[in-house]
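Reading through the structure tokens given below for one structure.
The values are calculated or read from the model by the stated rules, or taken from the named source; none is laboratory data. These numbers were taken from a predicted model, which means no experiment stands behind them. Backbone-built Cβ (ideal geometry, glycine too); neighbour counts: all protein chains shown. Accessible surface areas use protein heavy atoms only, side chains included; no ligands, DNA or RNA. Shrake-Rupley method; radii C 1.70, N 1.55, O 1.52, S 1.80 Å.
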Amino acid sequence: MAHNQPSVVAPYFRDIDQQREANTLGMWVFLATEVMFFGGLFMAYTVYFFNYPDAFHEGSRELNLILASINTFVLLTSSLTMALAVRSAQTDNRKWLIIFLIATIVLGLVFLGLKGVEYGEKFQHHLVPGPHFEWDGSFFYEVQLFFGLYFATTGLHALHMIIGVGVLTYFVFKAFRGHFTSVSYDPVEMVGLYWHFVDIAWVFIFPLYYLIDRTIQ
Amino acid sequence: MTVSSPPVKLEKPPQNYLNWAFGIKSWLLTTDHKRIAILYLITVTLFFALGGLAASLVRFELITPQGDLMSADNYNKSFTLHGMLMVFFFLIPGIPAVMGNFLIPLMIGAKDLAFPRLNLASWYVFMVGGLFTMTVIVVGGVDTGWTFYTPYSSTYSNGAVILAALGIFAAGFASIFTAINFVVTIHKMRAPGLTWFRLPLFVWAHYATSIIILLGTPVLAITILMVGIERMFKIGIFDPALGGDPLLFQHLFWFYSHPAVYIMVLPSMGVISELITAFTRRRIFGYKAIALSSLAIALLGFLVWGHHMFVSGQSVYAGLVFSAITFMVAIPSAIKVFNWTATLFKGTISFTTPMLYALGFIGLFTIGGLTGLFLGAAAVDVHVTDTYFVVAHFHYVMVGATIMAYMGAIHFWWPKITGKLYNEGWGISSAIIIFVGFNLTFMPQFIMGYLGMPRRYYAYPDEFQIYHIASSAGAAILAFGYVLPLFYLLYSLFFGPKAGDNPWNAKGLEWTTASPPPHENFEETPIVTEEAYAYPVPQKAEVTSGA
Amino acid sequence: MENFSFFPEQASTMATQIDAIYFVLVGLSVIFAVGIAVAVIVFGIRYRKSTSVDRSNPLHESMKLEFAWSFIPFLMAMGIFTWSAFVYYNINTPPTDAVEIYVVGKQWMWQIQHPLGKAELNELHVPINQPVKLIMSSQDVIHSFFVPAFRVKQDVLPGRYTTLWFEATKVGEYHLFCAEYCGTEHSKMTGKVIAMEPQDYQNWLSGGGGGESMVEAGARLFQDNGCASCHIDGEGGRGPNLHGIFGTEVALEGGGTAVVDEAYLRESIYEPGAKVVAGYAPIMPSYQGSISEGGVLQLVAYIKSLSEGQ
């Protein structure tokens, strides 16, 4: 496909195809470990959901559905801009690459901002597990457990978002300097895969925490 | 040569990975897989020595039935430290991060692993984990046992649980990094002509191991993180007093930690396949059976975790399912043992140090595997679980087998790694001492386990003393056997004769390049045209001179 | 060291069953291990480098052999599995006519309560030739009740009940160990099981220091905590009538049913809001912290007694 450029192909790869295949496989393998990582939390969620369905329903009703729905929309849109950024890199379109990268960053930051507002609400309502946790209804410990898992899961997800935003910001600078071309776009593709994974993780988190009991109000 | 030029005294030694660059920086910032393997070798050996020290404290205490040498608390901290260091900082990284790191690119004809910087990062993350663990010792230790059972670890223990958890978390990520590298390298960087079924079985074994690491370790990481969260914020994830479920911890923990046994044993099995073929000088019997049984073990290994929980209060029916699958996972291991034994048939066998280790491995692993069936039989497990029977069993599998293979691997590839030969006499003696010492240490533990001696006791009823004395005596011999190689191997490093490229006359790409290998591994990318272990096949009776 | 032995005493009906599997496994293991050792040694000597023997046409692959040495061990393994599965099921299924004794594990002691009121610490007196069922819970971390001479072991968990049963066959004193690591003095959490002739056991039970029976103690707790003001014997109480309720299935508020067993009663005392019987308001306060695990066991015994003969 492409001719060998010493600056693009690392010396231990035979050619750029081998390098690209290796990078892509490496990212997929890494994402497999990420699935198992989140999987542990989803496992804990499942077990306790079946043990304490009522407590989880009550806890779920305390979450802010409107903000989370907006966030879902924001994050799905950011996946689109990310995909377009990869496309722009592949077609040597530096201007749109930078625009789409920045758009993805902005959408990511909007998500994190709204998440911050949600967390703030929980602090005000004393729904953060620990010594200040307050709950008037029954199932004190079970609801606290729900919020514990909620903060662990969404916190871990937010941490992944922050890492993604950081890498994207770094990539904007690299894009300015012309590092990504139709030959050397795989870093953008890699971070794209990562970003989509983070997006998909949210697609599972959203219904499990926000949508389990919205019929009985 | 002109008159004015100074006389050349010595031929400049050829460039290799050791003299390629000099100075601390060239080591600490290296991305060469061979140098990273050496970094791992040194650190892993240090952790092994520390873990061994903790084991000696345990064995000293147990010579008498009363707790007289140290306090109960210190005893508990000693066995916890021993378990943590040995499992997470020696057995799991041991063969993959040292031997796998060094050999996989050489065996598949690649210049390096696919992600050399990730490889270096793996070592640094590992060191951070080690640092946390060292800090645990400094701030007073941790007494939960390496299994961290909740709610003891999450609520009741007053040891440095969070620090220890961070240490294991980091070590886990170090092994994930290594595993990503192995999977991608084995998939994408094989030399031309090196098809999957021409790969050395060492590579197959590491491939299967990497899959287990990739799918299992993240679960351990998140579990340990949850224990930390529970301890810090008092959320009852695992503590029933706060609404949690302590059995969930056990499920998640063993979901990783049972496959972790295969993380330790599969690479050893890979090593043994290499050693046996090299010293019988023939193709391995049942190549495909051995290769595919590694994958079968990796798969089935994920479905048996509940056999650690037959008396934990999990449902009887779950217990029966886990028991049945446990019996099944024994089969692929048995296949390997039978095939290795069959490889000896019509071989041309030489009893070198690595070969003795390999045969020792077969012996110890067979005993370890067979006693595993006792534990898989749920009814018998009810009696022997949490006794010394279990302790003996997993030492046979994890220590007996894995360390025999590790030592065998070090001795086999030592000439390749260092370019020097060690003294065979010393090598053979140490192999025999370790084998004898090991059996003397752990065989009595089977008997006292069935008699009912519970594990993790620092004081015990008098009738068990004779077995504990035998075990401690064996441990002393074992320790001597472990220390011995340190001396003759280091000696060989400075005074040993030059090894040459292929001192064993063995097959495999790693033996076609120089010893020690050059920085870029091969002068030019090798092209593979034959099966693994393509030793010449004798046509009729052959006499080889008894050299 | 005078009582040195290779094999533990068999003092329960379970011991002989488990030992039988054990001996068969030992036999099979010896056959396999010796077989492999002999093969390694014979091949090692015969085909050592310096000998002149026929090495022609070595076999590299044989589907027949691979199949044989996977399938035959597989059949053996499944045989042992099936046998052990029956015994394991048996271990986990206590006979209905067993004597029930209550055990609470806590760091680092065993508290034992006999139904008629005898309480013991780190000692358990049982009759021989009569099934005994232990209903166990832990006050803190996980413990494990282990009597090697009976070949039985069961983890004792906080927050739930586990059971263990055995039938002692021989009079004597046997070790009782905690087998699950439970903290600093884990190795001191030991005791004795004393198996006695049934007549001696009865004498021991009625011996001095008995005090009130578990049912009596439960009744006293029931009064002292004011339970009777809501759980009245009859219609119209603020809580369900507890007479005749044990072992029945009750409908729950918000749908579903629950069987009234030890675990459900314990949960209802510690966490009354979790499963409220249909038709009642969730007004009962939690007694977590004010009634100990031992106290709950007495209350459970009392409530069970309210259902006897009905």
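Of note:
- Size of electric dipole in segment C:214-305: Cβ of Lys, Arg +1 and of Asp, Glu -1, about Cα centre, debye, nearest 20: 100 debye
- For chain A, the equivalent ellipsoid derived from the alpha-carbon gyration tensor has semi-axes of 40, 18, 13 Å in decreasing order.
- Rounded to whole Hz, the Karplus (6.51, -1.76, 1.60) HN-Hα couplings of segment B:177-192, x for glycine and proline: 4, 4, 5, 4, 4, 5, 4, 5, 4, 5, 5, 10, 10, 5, 5, x
- Test item: Cα-centred dipole of the protein assembly as shown, Lys/Arg +1 and Asp/Glu -1 on Cβ, debye: 4620 debye
- Taken one residue at a time, the phi angles of segment B:257-271 give Karplus couplings (6.51, -1.76, 1.60, θ = phi - 60°) of 6, 6, x, 4, 4, 6, 4, 7, 8, 4, x, 4, 4, x, 4 Hz. Gly and Pro are set to x.
- Solvent-accessible area lost in complex, 40 Å² minimum, residues of segment B:286-317 relative to chain alone, 1.4 Å: B:VAL311, B:VAL316
- Solvent-accessible surface, computed for protein heavy atoms with a probe of 1.4 Å, shrinks by 20 Å² or more for the following residues of segment B:230-248 when the other protein chains are added to the isolated chain: B:PHE233, B:ILE235, B:ILE237, B:PRO240, B:ALA241, B:LEU242, B:GLY243, B:ASP245, B:PRO246, B:LEU247, B:LEU248.
- Rounded to 10°, Cα long-axis angle of helix C:293-305 versus longest principal axis of chain C: 70 degrees
- Against chain B, whose longest principal axis is taken from its Cα atoms, helix B:424-451 shows a tilt of about 20°.
- Fluctuation leader among C:SER137, C:SER290, C:SER12 - chain C, Gaussian network, Cα springs under 10 angstrom: C:SER290
- At q = 0.11, 0.14, 0.19, 0.21 Å⁻¹ the log10 of I(q)/I(0) for segment C:99-206 amounts to -0.30, -0.48, -0.90, -1.09, computed by Debye summation with a single uniform scatterer per C-alpha, solvent ignored.
- Segment C:228-266 and segment B:136-202 have Cα centres spaced 50 Å apart.
- Only Lys, Arg, Asp and Glu carry charge here, each on its Cβ (+1 for the first two, -1 for the last two); on that basis chain B has a dipole of about 1200 debye about its Cα centre.
- Placing unit charges on the Cβ atoms of the charged side chains and taking the dipole of segment B:27-511 about its Cα centre, the candidate lying farthest along the positive direction among B:THR326, B:ALA401, B:ALA121 is B:ALA121.
- Segment C:ASP224-C:SER56, extension gain: residue separation times 0.36 nm, minus the distance between their alpha carbons: 51.4 nm
- Links that overshoot a 22 Å alpha carbon limit, given the list B:LYS188/B:LYS420; B:LYS346/C:LYS49; B:LYS34/B:LYS288: B:LYS188/B:LYS420; B:LYS34/B:LYS288
- Zone of A:VAL47's modelled label, taken as backbone nitrogen in segment A:156-187 under 20 Å from a point 7 Å along Cα→Cβ: A:156
- Distance between modelled label sites at B:ASN505 and A:LEU76, nm, 7 Å Cα→Cβ extension: 7.0 nm
- Cut-off under 5 Å, modelled amide H: who pairs with C:LEU176 long-range: C:GLY191, C:LYS192, C:VAL193
- Relative contact order computed over segment A:54-197 (Cα-Cα under 8 Å; 6+ residues apart), in percent: 35 percent
- Rounded tilt (10° steps) of B:465-495 against the dominant C-alpha axis of chain B: 30 degrees
- Between C:VAL99 and C:VAL132, C:LYS133, the built amide H atoms are under 5 Å apart, and every one of these is 5 or more places off in sequence or on another chain.
- Choice from A:HIS126, A:HIS196, A:HIS57 with maximal GNM fluctuation in chain A (Cα, 10 Å cutoff): A:HIS126
- Using θ = phi - 60° and Karplus 6.51 cos²θ - 1.76 cosθ + 1.60, couplings along segment C:232-241 (whole Hz; Gly, Pro as x): 8, 7, x, 7, x, x, 6, x, x, 5
- Part-to-part distance (alpha-carbon centres) for segment B:463-526 and segment B:27-77, which is given in Å: 19 Å
- For C:ALA278, the residues whose modelled amide H falls within less than 5 Å of its own, excluding neighbours fewer than 5 places apart on the same chain, are C:ALA251, C:LEU252, C:GLU253.
- Length-normalised contact order for chain B - Cα pairs under 8 Å, 6+ apart - percent: 18 percent
- Taken per residue, the accessible surface of segment C:214-305 reaches 47 Å², heavy atoms only and a 1.4 Å probe.
- Within chain B, the proportion of C-alpha pairs whose separation exceeds 31 Å stands at 47%.
- Rounded percent of accessible protein surface that carbon and sulfur make up, the protein assembly as shown, 1.4 Å probe: 66 percent
- Euclidean distance between Cα centres, segment A:153-217 to segment C:34-109, Å: 49 Å
- Accessible area buried, both sides summed, chains B and C with 1.4 Å probe, Å²: 7900 Å²
- Listed residue (C:PHE23, C:ILE245, C:VAL99) projecting farthest to the positive dipole end of chain C, Cβ model: C:PHE23
- Estimated inter-spin distance, A:VAL203 and A:ILE162, nm [label 7 Å along Cα→Cβ]: 2.6 nm
- For segment C:1-82, alpha-carbon Rg over 2.2 N^0.38 Å: 1.71
- In this assembly, the A-B interface accounts for approximately 2900 Å² of buried accessible surface in total, computed with a 1.4 Å probe and without ligands, DNA or RNA.
- Contact order relative to length of chain C, as percent, for alpha carbon pairs under 8 angstrom and 6 or more apart: 15 percent
- Förster-model FRET efficiency, 25 Å R0, C:ALA98 and C:VAL259, C-beta, rounded to 0.05: 0.85
- Taking the charge dipole of the protein assembly as shown about its Cα centre, with +1 at Lys and Arg Cβ atoms and -1 at Asp and Glu Cβ atoms, the residue from A:LEU193, B:THR385, B:SER273 reaching farthest to the positive side is B:SER273.
- Where segment A:16-210 is the region considered: accessible area per residue in Å², 1.4 Å probe: 41 Å²
- Cross-link table C:LYS133/C:LYS188; C:LYS106/C:LYS304; C:LYS118/C:LYS192, entries beyond 21 Å C-alpha to C-alpha: C:LYS133/C:LYS188; C:LYS106/C:LYS304
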